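These notes are about the structure you will find just below.
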Amino acid sequence: MAKMTLEELRKLREEKQEALEKRSIEGKDCRIIIGMGTCGIAAGAKETLSTFLSVLDEEKIKHVAITQTGCMGLCYVEPTVEVILPDMPPVIYGKVDADVARKIVKEHILGKRLVTDHMFDRPAADIIKQDGGR
Amino acid sequence: MHIAITDYVLEVVQNAFEANSTETRVVLQETAEAFAVTVTDNGKGMSEEVMKRVLDPFSTEEGKHPHRKVGLGLSFLNQATELAGGELTLRSEVGVGTTVRFTFDPASIDTPPLGDVVSTFMTLLAHPKAGSLVIERKTETDGYALDRKELIGVLGDLEMSGNLHLLKEYIASQEAALS
């Protein structure tokens, strides 16, 4: 590996700025949280994550933050994805492959309709706040 | 349990942060004769009396760690350096700061492995209490320096995972290019 200079590091950051901004939650009211525990990764959560990133790019959606978390406890339906949107209930979707990820963006985030055939859970009422964790 | 030199580095620097150091300098110098680490801080420093007790495993600063009666960091380090033909020296002045220097003999079979330099440096640079931390790594012919303030100027907030990843990549490239 060639020794990187600070100038090269600055350039690299600028190149990756857009990808970094997608992970930032500042000033964003919508969140997509992807379960990236070992169970999720084994079931293809990395592909799900990159599909979400590219679909948001394609659709030019800027108000959604994508973050990752560990296992959500639903290992039998991995990859799992939690979607938090204002004015909609927080939902955990299961078995989210690349096609389902596209469907979630189109129907849930843009269309404001739940993707009912992949809905597996809502976070237990005793661990979420009254406002759904927003 | 300490298994690598970088574990000791992490511990000594953490002591500096806990002593409210705002300017900390860490130098790792590798020569054929010795592997030397020097950590200089401008924290609250230690009095003569505290210095005498600091290597005692059954002594720790009161109130530093609630519910803990022992302070093993420096005493384990002292033991490890002695075992491996090196030494540990402490210099400190109340209100001015502390310098901890420890060496290992690279030829000794008891010298611990160096450990994961990249992750250790990344952890230290991202520490919220790190202040203006400078880390220097020198071999006989080569070396590099990491200045936290300068890196924050380039990368921004080091608590963001994306920036941290870039920092790791940067340190790894410096380390890999060492001759």
Worksheet item: What number comes out for the charge environment of B:S173, summing +1 per Lys or Arg and -1 per Asp or Glu over other residues with Cβ under 11 Å away?
Response: -1
Worksheet item: What net charge is computed for the residues neighbouring B:R25, neighbours being all others with C-beta under 13 Å from the C-beta of B:R25, Lys and Arg scored +1, Asp and Glu -1?
Response: +1
Fill in: Loop-resident sites, the range B:140-179, for GluC sites (Glu not before Pro), counting at most 12 other Cβ within 10 Å (DSSP)
B:E140, B:E159
Fill in: Sulfur and carbon atoms: percent of accessible area, the range A:27-121 [1.4 Å]
51
Item to complete: Kindly compute the accessible surface that chains A and B hide from a 1.4 Å probe when together, both sides summed, and give it to the nearest 100 Å².
Response: 1500
Fill in: Those residues of the range A:1-42 for which accessible area with every protein chain present is at least 40 Å² below the isolated value (1.4 Å probe)
A:M1, A:K3, A:M4, A:L6, A:L9, A:R10, A:R13, A:L20
Worksheet item: Any idea of the accessible area per residue across the range B:5-176, 1.4 Å probe, to the nearest Å²?
Response: 50
Discussion item. How much of the DSSP bridge set in the protein assembly as shown is antiparallel, in percent, rounded to the nearest 5?
Written reply: 70
Worksheet item: Taking Cα centroids, how far is the range A:7-53 from the range B:87-102 in Å?
Response: 43
Worksheet item: Given H placed on each backbone N at 1.01 Å, which residues far from A:C30 in sequence or on other chains put an amide H within less than 5 Å of it?
Response: A:A65
Fill in: Normalised contact order of chain A, rounded percent, pairs of Cα under 8 Å and 6 or more residues apart
24
Worksheet item: Rounded to the nearest whole Å², what accessible area per residue is found for the range A:27-121 with the 1.4 Å probe?
Response: 46
Discussion item. With angles folded into 0 to 90 degrees, how steeply does helix A:45-58 sit against the dominant principal axis of chain A? Use alpha carbons for both and round to 10.
Written reply: 80
Practice prompt. Would you mind telling me the antiparallel percentage of the DSSP bridges in the range A:30-112, rounded to 5?
Written response: 55
Worksheet, complete the sentence: Phi-derived 3J(HN,Hα) across the range A:15-20 with the Karplus relation (6.51, -1.76, 1.60, θ = phi - 60°), rounded Hz, x for Gly and Pro, is 4, 8, 3, 5, 5, 5
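The values are calculated or read from the model by the stated rules, or taken from the named source; none is laboratory data. Quantities reported herein were computed from a predicted structural model and do not represent experimental measurements. FYI the Cβ positions are ideal-geometry reconstructions off the backbone, even for glycines, and counts take in every protein chain you see. Areas reflect the complete protein model, heavy atoms only, side chains present, ligands, DNA and RNA absent. Shrake-Rupley method; radii C 1.70, N 1.55, O 1.52, S 1.80 Å.
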